[in-house]
Structure formats: structure tokens, C-alpha cells
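The values are calculated or read from the model by the stated rules, or taken from the named source; none is laboratory data. Quick caveat, the model's predicted, so the values are computed rather than measured. Here the Cβ positions follow ideal geometry from the backbone for every residue, glycine too, while neighbour counts run over all protein chains shown. Protein only, heavy atoms only, side chains kept; ligands, DNA and RNA dropped before computing areas. Shrake-Rupley method; radii C 1.70, N 1.55, O 1.52, S 1.80 Å.
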Amino acid sequence: MTADLQERPTGAPAADRPRRWVVPLLVLVLLGQMAAVMVTTAVQQTPTIDEPVYVGTAVTYLEQHRVRYNPEHPPLGKEFMAIGLAFASPRLDPAFRGDQTALGRHVLYESGNDPYEVMLLARLPMIILTLLFGLVVFAFARDLTGAAGGVLALALYAFSPDVIAHGSLATLDVPAIGFLLTAVWLTWRARDRPLRYLPLAGLALGAAVATRMSVLPAVPVVLLLALLATSSWRRGVPARERLRGVALVAAVAVAAVLVVWLSYLVVDPGLRWTEPAGTPVVHGVRGLLTGWLPLPESYRDGMRIQFGFEDSTFSGFLFGRHYQGSLWYYLPAALLVKTPLGMLVLWLAGAVAMLAVPRLRTAALYVLVLPALLLAVAMTGARDFGTRYAIFMPIFLAVAAAAVVALRWRWAHLSAAVLAAFVAVSSLRTFPYYLPYSNEAFGGPARTHLRLHDSNVDWGQDLGRLADRLRERYPGEPVWLVYKGAGVPRAYGIQARDPLRVPAGDVHGLLVVSDSSIAKATGRLATLLGASGEPIDEVGHSISIFRRP
């Protein structure tokens, strides 16, 4: 092995060690800037497509104490939202009848609630969780590589545009993976104290499963890592010790299952449930899973709904191509566009370092296997909707990148610092438009819509900004709007007509179109756009404004 890939000694002269206050200060600064940009983003953005459903469901938890809506996602993440929403005392008509999409619209726009206040209070618990998971990233990396590695990992996490974008929303992607990372970190710590840490790992694993079903493929891996953390798998271990290890792993599984049940019982102690009409019937291995998992019936029906989604066909958009179905390489390509260049380099270097440095090879099983598995599963999915389906990459690989500082190479620390600074600059330059971020090699956030769509760039988040732009620059002009999102334009003062309901010759004035609609335009919309020339303005890098004479 070359000298460049040798392990850096862990000891250092006292004079070379940073003062004790330096590391806590850096952690505080990194998390402080992350909190500031996430809160700012949360305040400025109107609801994205998924958020009203989650928020409306959380309100029913508070008001009706029923697990009725949105069964395809377990309740824990929405219960955190409900904690924030409780401060708004949101109103919900007891006589409301409708599906979960109508519920979200009813809560935000039809019940007399302030949509800005409701959304901010639903998002704040998610922001707090995202910051706490930053501490987990730091602690995990510090355990592996020391304080310098911990700071490097936290910097990558805190400046990740994807983590900032989705951690500031009332959605479930970041919390689910944050809990999963916590479970893995605790299993790593359990190698020294299994009785202390493995039960806690089970609780964190249960929290992940009770937040989003997409983490279910990770459960067997975490249980194997828990077994690895005990000494029962080693040769020559007495039978009693082996049984003790198996019992500890079983305790992890039991704790996880209990957390899932508790997340439902907190909402409705009676566990009232009626299977939704149209719930798919699944067979084979899927049928066995949904039939035999020791989880609430509503959870298992939610799994059936998710399997139904995976058996459906959706449209996608990648590098200017609009297609039906899904592409196996969509997520790697999207990650290449939406990940800062310095971060990509550090991910790769960190993964290599974990495999090259002898003392980190065991840790590679904990840090690298799960994101590889989850990425492989996600690449077979039916929904090419965005890198949020791979949000585990910037979270887990931030920890992996810390391994760079363990290399015996005189420039390792300096190179890592320069690359991290490059990441920070790239991230700060996109403020406050984190959702449409793309790196410099692909033209930055202003050009993301040319290559990607949906939650990669345009998730309906800029309706409020559009209202401000129209009021400030185009007062009194007729507006024709094709908006892709869950917001209600009139609620933000936008008076607009639908250009697709009248002859093209009648559309005069401002034609305002969401970029995802442009990406997939066909028929009348394509004709309108073709005759409208180049945009005269854009809003948030997600909405284009044309002028039609």
C-alpha cells in the first residue's frame, strides 16, 4: 500500500491539538448557518406538492385522533409536524369529507387558517430534527476519525443543498434517513457497550420505519450490523455468549416494532381502521410481507398502496428528454447534477479511504453498505421524481468523507478543507433557492430546469414569490397561469386564467408557466410556448414568465 493511503496516527502532540473551544465553536457556527438558511427558506416558500397532504393529516391527528388519511406513510413524521401545528390551533371543519389532497387544500385555504403560519409551524419541527441529525453526523464521524473528521462531515451535511432544501420542508425524507443514520451510529457504538446502545438503536430504527416505508429494506442490514456489534459471531465464543448476542439483536427488532405500534397508538389508542377503497391486492413475496409483518393493519395497507405505486407508470424528464416509465440510471445522473462538485470528490475519496485505512474497514460496513443498498433499491423504483429519493447519499456519505483526514498524506487536511470550502461557496451562492440547485458543471440553479423536473427544481414552492413579482413588476397586466403545485393562486393574490381552456389566439398578456410543465409540455401548451418566444422573466428558478402580444 502506498504512503498516501496509509493511516494517519491518531495521537498528536498537545501543541498541535486544537483548543477545546474551537471544535464546539465550529459545530455551533455550522449548525447556526444551517438553521438560518433553513428557517429563511421555510418562511419564503409556499407549500410544495406533498406538504399539504402531510399537514392536513397532522391536523386530523390533533382534531380527530384517527389514522385515516395518507396511510401510505406512517404517522411519526406527521406527529412531529403536529407538535408545531398545535401552537397554531388550526381549524378543521368536522363535517369535511374528501380525499387527502382535498383535505390539505381545505386546511390551508378553506378553513380560515393562515397558510404561511400553518406551514411554518409544521416545518419548524422538521428543521429542528434536521439540525439534531447534524449532531449525529458529527458524532459518528468523530468516533471514526476524530474531531477534524467530525467537523468535515458536519460541514458537508450543513452545506448540502439537498439536505437544506428538504430538511426545511414539512416532508418525511430527511427525518426517516436521519433516524436510520442514528440507528447505525448506535450499533457502531454498541461494539463496546451492547447493552447500553443496542436497545437505543432499536428505538431509532423503529422511528425510521415509523416515518417512511422506504427504509424497510435497511432493516435486515441494521439487524446484521447489530449482530456484528456483539461478540457472538466470533469463532470460539461460548454458546451462552452466542445466545446473548442473538437475544440483543432480537431486542433491537422488538424495540423497533414497538416504536411503530406506539406511533399509531399515540394518535388513536383504539387503532380504528377501515381499509381504503381501491387498496391494491399484492401477491408473492410482497403478499407475504404485508400479511405477516407484526405491524398495525393500517401500516400494512400503506405498504400495499406503495406497492401499487411501484406497479404504476409515471413520466420522467432527464437531460431534456421527456419519457414514460423510469430509467435505472436516473438517480445517479440526477445526483451528478445536484451535488456540489467538491462534495462528489470527497464522497469518492472518503469511500476509498474507508477501504484503504485498516482500522476503518469495519466501519465501512456501517457507513457504505446501507446507502449502496438503498440506492440500488431506489434505482429500480417507478418514480423518477427527484434526488429526495436518494437523500441518504448526502447524509451517510458525509460521514464517509470524514475518512479523508485519516490518510497519511501531508495535504489530506488542507485538500479536504479546500474542497469543503468549495462546497460551502457553491451552497451559499444558491441561497435561498436550494430546491433547484445544480452544481457549476451544469450551469447552476438557473439551468436545472433544462435537465431535471419535479422536486429537483419545481415543486410548487414559488407561488408566493410569483405573487410578489407580479405585484411589483407587472401590476394590472392580464395573467395566464399554468401552475404545477398544491397552492391556490387566489390565496396569494394572483388573479389568473387558465390558457388551456381558451383558444390560443385569445391568450394575451403574461403567460406564466411552471418549469416542470414546460419540461413535459405537449398539445396546446406546447403550441402556446412555441409561439411565445423566450421568457422575459423567471421566479425562483422554477417558474418562467412569457409575454404574448
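Odds and ends about this structure:
- The gain in end-to-end length when the Leu289 to His65 segment is fully stretched comes to 77.9 nm, 0.36 nm per residue minus the alpha carbon separation.
- Surface composition of segment 52-142: carbon and sulfur atoms hold 59% of the protein heavy-atom accessible area at a 1.4 Å probe.
- Between Arg191 and Asp93, the simple spin-label model (points 7 angstrom out along Cα→Cβ) gives 5.9 nm.
- Residues in segment 478-494 reached by a label modelled at Arg524 [backbone nitrogen below 13 Å; 7 Å Cα→Cβ]: 481-482
- Relative to the dominant Cα principal axis of the chain, helix 463-473 is inclined by about 50°.
- Ranked by how many other beta carbons lie within 10 Å on average, peptides 535-543, 77-85 from highest: 77-85, 535-543
- Per residue convex hull volume, Cα atoms of segment 413-486, in Å³: 116 Å³
- Solvent-accessible heavy-atom area per residue, rounded to whole Å², over the chain at 1.4 Å: 42 Å²
- According to the Cα-based calculation, Rg over Rh for the chain is 0.99, with Rh computed by the Kirkwood formula.
- Share, in percent, of DSSP beta bridges within the chain that are antiparallel, nearest 5: 75 percent
- Label-point gap, in nm, between Ala239 and Trp328 - each point 7 angstrom along Cα→Cβ: 4.6 nm
- Peptides 175-185, 273-283, 144-154, 482-492 ordered by average Cβ neighbours within 10 Å, highest first: 175-185, 144-154, 482-492, 273-283
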